[in-house]
1. Could you please tell me which pairs satisfy a Cβ distance under 7 Å, a separation of 6+ or placement on different chains, a first residue in region 151-175 that is outside any loop (DSSP other than H, G, I, E, B) and surrounded by fewer than 19 Cβ atoms within 10 Å (Cβ to Cβ), and a second residue that is of a type in the set (Gly, Ala, Ser) and at pLDDT 90 or above?
2. Mind listing whichever residues of region 144-173 are closer than 22 Å to Glu214 by Cα and among the acidic types (Asp, Glu)?
3. Identify the residue in region 366-394 that is in contact with a strand residue (DSSP E or B) (Cβ under 7 Å, 6 or more places away or on another chain) and outside any strand (DSSP E or B) and, among all such residues, is surrounded by the fewest Cβ atoms within 10 Å (Cβ to Cβ).
4. Confirm whether Trp412 is assigned by TED's automatic domain parsing to the domain that holds Phe356 and either over 17 Å from Thr362 (Cα atoms) or not small (Gly, Ala, Ser) (or both).
5. Could you list, in sequence order, all residues of region 418-449 that are modelled with pLDDT under 85 and of a type in the set (D, E, K, R)?
6. So Ala418 passes all but one of these: (1) free of Cβ contacts under 8 Å to residues at least 40 places away in the same chain; (2) buried (at least 16 other Cβ atoms within 10 Å of the Cβ); (3) part of a loop (DSSP other than H, G, I, E, B). Which condition number does it fail?
7. May I ask you to verify whether Thr362 is hydroxyl-bearing (Ser, Thr, Tyr) and in a strand (DSSP E or B)?
8. Output the residues belonging to region 442-453 that are surrounded by fewer than 17 Cβ atoms within 10 Å (Cβ to Cβ) and not charged (D, E, K, R).
Amino acid sequence: MKRHLVVTMICLAACALLTGCAGSPDDFGAAKEKLESAKENVPEEKKEDESKAAKKKNKNKKKHEMKTLEEDKPADPETLYEPVFSEILEIIDYGYNIDREYTYATGGITERINYPGDSDPLDAIGYVISDFSGDGEPELLIGSEESYGGEKPSSYIYGIYALKDGKPVTVVGGSARSSYQYMGDGRFFYCGSGGAAITLIGENHLIPDGTEVEWDDFYFTDEDESGQIGVYYNHSGLFEIAGSKKLAMSEGEFADLMREYEGRCEPIDWTPIRKCAARGGSGSAGKDAGGSSEEDEVQPYAGVLYWYKALQDSGKSAEEMEKYTSMTELIQHGWPFAATNDEVGYVYKDLTGDGFDELIITYYGDPVDIYSNEGDAIHAYSVPYRALAELFPDGTIMEGLTLGSKGWRQTWYRYDEATCKYEPVSEELQPEMSSVILTNIKPLSDIKVPDWYSLND
């Protein structure tokens, strides 16, 4: 039995909120017969009057629809779900803030961001927007491809979102220990676990407006009164023995049922979240410096990157690099003459919240030089040798410098819009958000220096 899909007790409590036990087919049939019978007993004259009134109403409705066609034109689905995308992208860019209560970031999403492995979350986390409930309104799924135990990858869903009163709401949140997969035809397979004795599986679908799930079948294992593992079944999705039917099913048969469900799941063609509209022109979506003058106009940092790359390729000696000391702290790390250079990278981040990206040159993933943009690239700050810097999304920097036997000195800097540089401040600042985590760092070796460029020696 697969044990990689385990659910925490919190997730179990969440399952308890998912309701939806529908009436029986017999009740539905009887109600339908009564409805048809009532229709047949309506007098012909009344039917004709109602038909005329309905036609007049539809005619007026069509006129109104024609007048308000542009006003009622549906928005782009990605725009409708922009709050979801923005929150997830903020965590990817700046890290998870434990002091903040997130609206849309589920456990599975934050797990994937915090433990990305060798993949970039911007590429690993994907989305798909489609009408899974059948009401004509699109729902949003967030998830990724995962492979456990050498098995073929499966499409795991970390979050299902729907529109309520024009705003996105979280319908369900999945995680590695409480997962959802898509079975096609608007149905989802759920699998979770709460320990050695507890495994939960089932099939559900979205109610017509997409804002809740309704369970078709829900199975779970738990210890019975005799201490043996029993298999229980209900339609409510509640992890409760009371109100559930105990089945004459062995653990092996339960495992076979779970495999059967998993075999019916379909792959999802995820769109990487870096491509969503909410990403806009953010630098971490993947700006590259090129060699054309046209690209220089839209990429103000291209010349800076050419300068770094040309110096890196030059292999200048320590003496030759002395003239560049004030422009980059990389020289303090033995760059470019005594380093492999593979550890030097660059990344774009909007550190000041002004809508413009800064360029950050990194060494082994840590910031070294920061450039700001005010029409022209300005060297805004360098991390001193033997120092570490924490960057904050409110335009502040905490610099910690090792002073050997004298201990440790901490200095705070704040971005100055007048000079476009980070200026030291006397007080100790207390940013409200967590420090920035640099992701999607690209190697400087990827930069292609155009033939027309030369160093200003």
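1. So the pair list comes out as Val169/Ala162; Thr170/Gly159.
2. Selection gives Asp165 alone.
3. This residue is Arg386.
4. Taking the combined requirement at face value, the residue satisfies it.
5. Once the filter is applied, which keeps residues that are modelled with pLDDT under 85 and of a type in the set (D, E, K, R), region 418-449 yields Glu427, Glu428, Glu432.
6. Condition not satisfied by Ala418: (2).
7. For Thr362, the condition - hydroxyl-bearing (Ser, Thr, Tyr) and in a strand (DSSP E or B) - is met.
8. Hits for region 442-453 are Pro443, Ser445, Pro450, Trp452, Tyr453.
The values are calculated or read from the model by the stated rules, or taken from the named source; none is laboratory data. Predicted, not measured: the structure shown is a model, and the values here were computed from it. Cβ atoms come from the backbone with ideal geometry, glycine included; neighbour counts cover every protein chain shown.
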